[in-house]
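A.B. asks: What follows is a single structure, and I will ask about it in a moment.
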Amino acid sequence: MLLTLFCLFIAVVVVQFLYYIVVFGKFSFAKPQTVTPKRIPISVIVCAKNEEENVKKFVPLLAEQNYATFEIVLIDDASSDNTLELFEEFEKQYPNVKLVKVENNEAFWGNKKFALTLGIKAAKYEYLLFTDADCYPTSKDWITSMSSQFTTQKSIVLGYGAYDKIPNSFLNKIIRFETLLTATQYFSWAKLGKPYMGVGRNMAYRRDEFFKVRGFMDHMKIRSGDDDLFINQAATGDNTTICYLPESFTYSEPKTSFKDWFTQKRRHVSTAKHYKMFDRNQLSLFYASQLLFLLLPIILLAFQFQWIAVVSIIGFRYIFAWISMGFAAGKLKEKDVMYWFPIIEITLIFTQLNVFITNTFSKPVHWK
């Protein structure tokens, strides 16, 4: 029995090696990107529901972007606070701001996808750049950087949506490591020609890609997934590329309590079950290998079975995982989280297990 577990442990580490070095290595060890500015007009789309404080801070930053031709489409999704009033003020203040007012619709009540669809249809330009109401760009060259990756073939651009750093917060390190790991995954698979998701905090696509798949219609009843389910359906190896230029990042304010972050994670994980089968399987295999890598050595070491070999294999695995994620962290400006890598990883793995179990017995709450 112990020999079987030992062989399984070796197989798990081989799987991990394939993920971290072969798959994630496509992004981790990739060369730095360069900017080739495009002169294409861009519509920046922001959907907000009860985001009064955030839009007050962040919309002016969007308006100050250093880009020749762009508009900002502000979508108010039937807010009950002063979001709409602020949007109306911005529309008067900035000539390139367009306001889309969404009334409650009985068929699509509370569905962000319905609001985004109206915004996409109202956009003046064919190239669309998306961010959330609680996000801000890291530089005035955000639009320039993201749009620079469009080509005649590449009509979908996946960007990086980071979270602000909070000093002396271990939860913040967990959140940022999880965001780093997720980005490393979807960037790597996109480079391998198998894009499966993106984040609405920072992504761009040409409008015709939206209508090719009938927009969000195939998953309109699923409250989440205006970003990752759309990409899972519309993105291919031929039409999708990534952007990891530091000037292209957006930042959001992270959750500050474990309860709020856990609730957020429950929403994200619940959407993944609607991915294509290959994408579900590769994600499941990765997380299963993560969990087994923690559990199997405990059993083997408890019985002192081949303990020198087990410890050596553990060390080997941490070396190649640390190297791969370290290079990815360097590209995404998240190096500080790697100092805590083993502890954060263990915490995150068991949190994800908890999320899976909790979602099995109850449904998460979605768009406000």
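The values are calculated or read from the model by the stated rules, or taken from the named source; none is laboratory data. Computed from a predicted model, the values in this text were never measured in an experiment. Note that we place each Cβ from the backbone using ideal geometry, even for glycine, and neighbour counts take in every protein chain shown. Areas reflect the complete protein model, heavy atoms only, side chains present, ligands, DNA and RNA absent. Shrake-Rupley method; radii C 1.70, N 1.55, O 1.52, S 1.80 Å.
A.B. asks: Might you check whether a residue that is loosely packed, with under 14 Cβ neighbours inside 10 Å, in contact with an Asp or Glu (Cβ under 9 Å, 6 or more places away or on another chain) and free of Cβ contacts under 8 Å to residues at least 24 places away in the same chain occurs anywhere in the range 80-93?
C.D. replies: yes
A.B. asks: If you scan the range 324-340, which residues turn out to be touching a residue at least 12 places away in the same chain (Cβ under 8 Å) and either closer than 14 Å to TYR20 by Cα or small (Gly, Ala, Ser) (or both)?
C.D. replies: If the condition is that a residue be touching a residue at least 12 places away in the same chain (Cβ under 8 Å) and either closer than 14 Å to TYR20 by Cα or small (Gly, Ala, Ser) (or both), then SER324, MET325, GLY326, PHE327, ALA328, ALA329 are the ones that fit.
A.B. asks: Are any residues in the range 151-183 assigned to a loop (DSSP other than H, G, I, E, B) and open to solvent by less than 10 Å² (accessible area, probe 1.4 Å), and if so, which ones?
C.D. replies: Once the filter is applied, which keeps residues that are assigned to a loop (DSSP other than H, G, I, E, B) and open to solvent by less than 10 Å² (accessible area, probe 1.4 Å), the range 151-183 yields SER155, GLY159, TYR160.
A.B. asks: Could you identify the single residue in LYS121, LYS140 that is out of contact with any Cys (no Cβ under 8 Å at 6 or more places or on another chain) and part of a helix (DSSP H, G or I)?
C.D. replies: Answer to the check: LYS121.
A.B. asks: Any residue in the range 111-133 that's among the hydroxyl-bearing types (Ser, Thr, Tyr): show its pairings with residues that are open to solvent by 20 Å² or more (accessible area, probe 1.4 Å) at Cβ separation under 7 Å, as long as the two are six or more apart or on different chains.
C.D. replies: If the second residue must be open to solvent by 20 Å² or more (accessible area, probe 1.4 Å), the pairs left are TYR125/PRO41; TYR127/ILE40; TYR127/PRO41; TYR127/ARG206; THR131/ARG201.
A.B. asks: Next up: Among the residues of the range 206-222, is there at least one that is under 14 Å from the mean Cα position of the chain (by Cα) and open to solvent by less than 30 Å² (accessible area, probe 1.4 Å)?
C.D. replies: No, the conditions are met nowhere in the range 206-222.
A.B. asks: Please tell me if GLU209 is of a type in the set (Asp, Glu), in contact (Cβ under 8 Å) with a residue 24 or more places away in the chain and within 26 Å of LEU353 (Cα to Cα).
C.D. replies: Considered against the rule, which asks whether it is of a type in the set (Asp, Glu), in contact (Cβ under 8 Å) with a residue 24 or more places away in the chain and within 26 Å of LEU353 (Cα to Cα), GLU209 comes out as no.
A.B. asks: With the requirement that a residue be charged (D, E, K, R) and more than 27 Å from THR263 (Cα to Cα), what does the range 136-189 give you?
C.D. replies: LYS140, ASP141, LYS154
A.B. asks: Hey, another quick one. Read through the list (1) at pLDDT below 95; (2) in contact with a Lys or Arg (Cβ under 6 Å, 6 or more places away or on another chain), then give the number of the only condition that ASN105 fails.
C.D. replies: ASN105 satisfies every listed condition except (2).
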